[in-house]
Amino acid sequence: MARSYQIRDTFAAMSTFQMKHEMDMSAEKFWELFFNNDLQKDIFLKVLAFPKWEVVDFKDGDKEITRVTKAQPKMEVPGPVAKLIGDGFGYSEKGTFDKGTKVYKFVITPTTMADKIKNEGVVKVEPKGDKCTRVVDITMEAKIFGIGGMIEKTFEKQTREGWEASAKFLNEHVKKG
């Protein structure tokens, strides 16, 4: 749950943090559910209450899986951030899962200020018998003078809450059978 910041100049700050979630399933089951697009849609639309989430491209190849999604998250942001990003804020996520290393890397591109906001991450799973730990490393950067840190803090809070809610949902889903 560590968080670090690097101040590079007065216009940009970078936030990195890690989340770990105990998953009541094997690593293989986790990845099966992670790439179940119908289940993921339920997580985003029903659990996280996103107004929009859809898979726009999905390819399951010999060595990798790629998935591109478009989303409009439910946003609870401070006034200055809301004014800056606008009402229709959304993003696309392009992710690639390497079947050999079992690592998923993703880049999120916002619909607003894509040249100033960077969000990317890595998802790994640490097997522990019939259970596993999901490890998510996130890097966020907002190159916006005066409020870049506020944007990063807001996005980090919502990111943590979303991943926590998805872990809870997936664990309950597996218990139900």
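Observations, loosely collected:
- Residue ID - surrounded by the most Cβ atoms within 10 Å (Cβ to Cβ), chosen from residues in the range 114-149 that are of a type in the set (D, E, K, R) and within 12 Å of the chain's Cα centre (by Cα): Glu120
- Only listed residue being free of Cβ contacts under 8 Å to residues at least 40 places away in the same chain, exposed (fewer than 15 other Cβ atoms within 10 Å of the Cβ) and among the β-branched types (Val, Ile, Thr), chosen from Thr111, Thr101: Thr101
- Residue within the range 72-88 that is modelled with pLDDT of 95 or more, buried (at least 17 other Cβ atoms within 10 Å of the Cβ) and aliphatic (A, V, I, L, M) present: no
- If you filter the range 12-69 down to residues that are closer than 16 Å to Gly95 by Cβ and touching a residue at least 40 places away in the same chain (Cβ under 8 Å), you find that the one that is surrounded by the most Cβ atoms within 10 Å (Cβ to Cβ) is Phe30.
The values are calculated or read from the model by the stated rules, or taken from the named source; none is laboratory data. Please read all numbers here as calculations on a predicted model, not as lab measurements. A quick note on method: Cβ atoms are made from the backbone with ideal geometry, for glycine too, and the neighbour counts reach across all protein chains shown.
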